[in-house]
Amino acid sequence: MATIKAFRAIRPSEGREPVVAALPYDVYNRKEAYQEARRHPYSFLNIDRPETQFPEDHDMYAPEVYRRADWMIREWTARGIFVQEESPCLYIYAQTMDGRTQTGIVACSSVDDYLSGVIKKHENTLAEKEQDRIRHIDRCSAQTGPIFLAYRDDRVIDMIVESVKKGAPLCDFVSEDGVGHTVWRIADEKTIQALTYAFSQVPNTYIADGHHRAASAVRVAGLRRLSYPDYDGSEEFNYFLSVLFPASQLRILDYNRVVKDLNGLTENEFLERISESFLVEAVSRKGRPYRPEEKGEFGMFLGKTWYRLLAKPEIRTDDPVKGLDVSILQDYLLSPVLGIQDPKTDPRIGFVGGIRGLSELEKRADSDMKVAFSMFPTSIEELFKVADAGKLMPPKSTWFEPKLRSGLLIHPFER
């Protein structure tokens, strides 16, 4: 059963939330991070990507870079840019995008739940990608980026959340990208206990986004446990910052594919090959992208033409991984026809998040790529089924929007 915990958050002082709140550190490459930090000197990105405080040729993983992040949290707190809660609180965090709202609970989740499998994951992590966040969390003694968790809807939790939302919010603003952000604080001990108990009846939570951040937080907890062998489990380092959302409110966008060439085939040869596994139909010309309407259906842009691809019955399966659309495309087209054996490492394939729109696929196919595929989005229930089976999803299977903001609430270990 899931364990959540209130915490004494460090957060922007009143009115500073719109200036401080930032997109996750890993949505920017190094050049973009520098540009964004220069443009917004009080954006939390300056702390989340502390190399931006050094010359652009500075080693971004040097010890002094992480010391700078720790110093900035302390300095901004001393200057009143940040404040820390007097007592442990939970929070409600609502995000509104394109007229729809998703509402989650900001709390600390248990490292032991992660280790025991109560918190389920659907991706492997890479040790080298973890190292940066391990150093950042360990040096700052704080988690600065929340882990995006999902859970199957629970009526009791919904009732508590809706009751809290009737009160005045702690902050309410619209970010530059047009996403609305509203946060309510829960300081009342009875409400905290009610939510904590309600989650103790939830069998599992699932990492939707932030596998590397979660793994890094767990690694730091392991290091702290070695340093404090008499730990009793209540210490802050035994928990990590999370936002927990009910599954029905989440929106997964398509995660589309583009490929550089046709693996030596002519367009006619390529169309003939893919017809072995898919029903292929030309549906429109450039400027009228085809968006799949159901599972097992794909759009393909090739030679100024959009095609509808429909997976034949014999290649469909109920297997939670092999039955995913991303797996069907990989196993019956990208690998056998285009020679993309490992999409994680093959330089011939690229991925385009659904937030960019299908026109981006046409643009890429007309410039640095040859063919593009539009996908039907993976569902949250498919994600749950993969995680429940103890299996892993293929890379780039899900794109969640809107993104959680960093810097709105920080979980400190020792302050």
Condition set farther than 24 Å from residue 10 by Cα and β-branched (Val, Ile, Thr), scope the stretch 106-139, selection nearest to the chain's Cα centre (by Cα): answer is 125
Within the stretch 231-264, which residues are among the small types (Gly, Ala, Ser) and either surrounded by fewer than 21 Cβ atoms within 10 Å (Cβ to Cβ) or outside any strand (DSSP E or B) (or both)? 233, 234, 247, 248, 264
Tally, over the stretch 337-357, of residues that are assigned to a loop (DSSP other than H, G, I, E, B) and over 11 Å from residue 257 (Cα atoms): 11
Condition broken by residue 90, with the remaining ones in (1) at pLDDT 95 or above; (2) loosely packed, with under 15 Cβ neighbours inside 10 Å; (3) outside any helix (DSSP H, G or I); (4) over 18 Å from the mean Cα position of the chain (by Cα) satisfied: (2)
Top-ranked residue of the stretch 145-163 - restricted to ones that are in contact with a helix residue (DSSP H, G or I) (Cβ under 6 Å, 6 or more places away or on another chain) and not β-branched (Val, Ile, Thr), ranked as farthest from residue 205 (Cα to Cα): 145
Would you check which residues across the stretch 222-277 are β-branched (Val, Ile, Thr) and out of contact with any strand residue (DSSP E or B) (no Cβ under 9 Å at 6 or more places or on another chain) and list them? 266
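Taking the stretch 161-211 as the region of interest, how many residues are aliphatic (A, V, I, L, M) and assigned to a strand (DSSP E or B)?
Selection size over the stretch 161-211: 5.
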Looking at (1) outside any helix (DSSP H, G or I); (2) closer than 20 Å to residue 411 by Cα, which is the only condition residue 123 fails? (2)
Residues located in the stretch 364-393, provided they are crowded, with 17+ Cβ neighbours inside 10 Å and more than 29 Å from residue 96 (Cα to Cα): 364, 365, 369, 370, 371, 372
Filtering the stretch 265-305 down to residues that are part of a strand (DSSP E or B), of a type in the set (A, V, I, L, M) and closer than 15 Å to residue 371 by Cα yields 280, 282, 300, 302
Looking at the stretch 93-109, which of its residues are small (Gly, Ala, Ser) and buried (at least 23 other Cβ atoms within 10 Å of the Cβ)? 104, 107, 109
Taking residue 233, is it farther than 27 Å from residue 12 by Cα and either touching a Pro at 6+ places or on another chain (Cβ under 7 Å) or modelled with pLDDT under 95 (or both)? yes
For the stretch 200-221, what are the residues that are touching a strand residue (DSSP E or B) at 6+ places or on another chain (Cβ under 8 Å) and farther than 18 Å from residue 102 by Cα? 202, 204, 213, 214, 217, 218, 221
Between 351, 376, 413, 384, which is among the aromatic types (Phe, Trp, Tyr) and under 30 Å from residue 42 (Cα atoms)? 413
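Go through the stretch 308-347 and give me each residue that's basic (Lys, Arg) and more than 25 Å from residue 281 (Cα to Cα).
344
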Only one residue in 304, 312, 363, 370 is in the same structural domain as residue 274 (by TED's automatic domain parsing) and touching an Asp or Glu at 6+ places or on another chain (Cβ under 7 Å). Which one? 370
Just one listed residue, out of 67, 79, 74, 39, is touching a residue at least 24 places away in the same chain (Cβ under 8 Å) and in the same structural domain as residue 154 (by TED's automatic domain parsing), and it is 67
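Pick out, from the stretch 11-63, the helices (runs of 4 or more DSSP H) lying fully within it that include 1 or more residues that are basic (Lys, Arg) and at negative phi.
Values: elements: 17-20, 30-39, 45-48.
Answer list for the stretch 11-63: 30-39.
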With the structure loaded, tell me whether residue 81 is at pLDDT 95 or above, crowded, with 21+ Cβ neighbours inside 10 Å, in contact with a Phe, Trp or Tyr (Cβ under 9 Å, 6 or more places away or on another chain) and of a type outside the set (Lys, Arg) or whether it fails that test. no
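Quick check on residue 85: is it acidic (Asp, Glu), free of Cβ contacts under 8 Å to residues at least 24 places away in the same chain and either in contact with a Ser or Thr (Cβ under 7 Å, 6 or more places away or on another chain) or in the same structural domain as residue 243 (by TED's automatic domain parsing) (or both)?
No, not satisfied.
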Pairs, first under 22 Å from residue 86 (Cβ atoms) in the stretch 171-191, second modelled with pLDDT of 95 or more and in a helix (DSSP H, G or I), C-beta under 7 Å, six or more apart: 171/17; 184/164; 186/164; 186/192; 191/160; 191/164
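The values are calculated or read from the model by the stated rules, or taken from the named source; none is laboratory data. Note that the structure is a prediction, hence the values are computed from the model and not measured. A quick note on method: Cβ atoms are made from the backbone with ideal geometry, for glycine too, and the neighbour counts reach across all protein chains shown.
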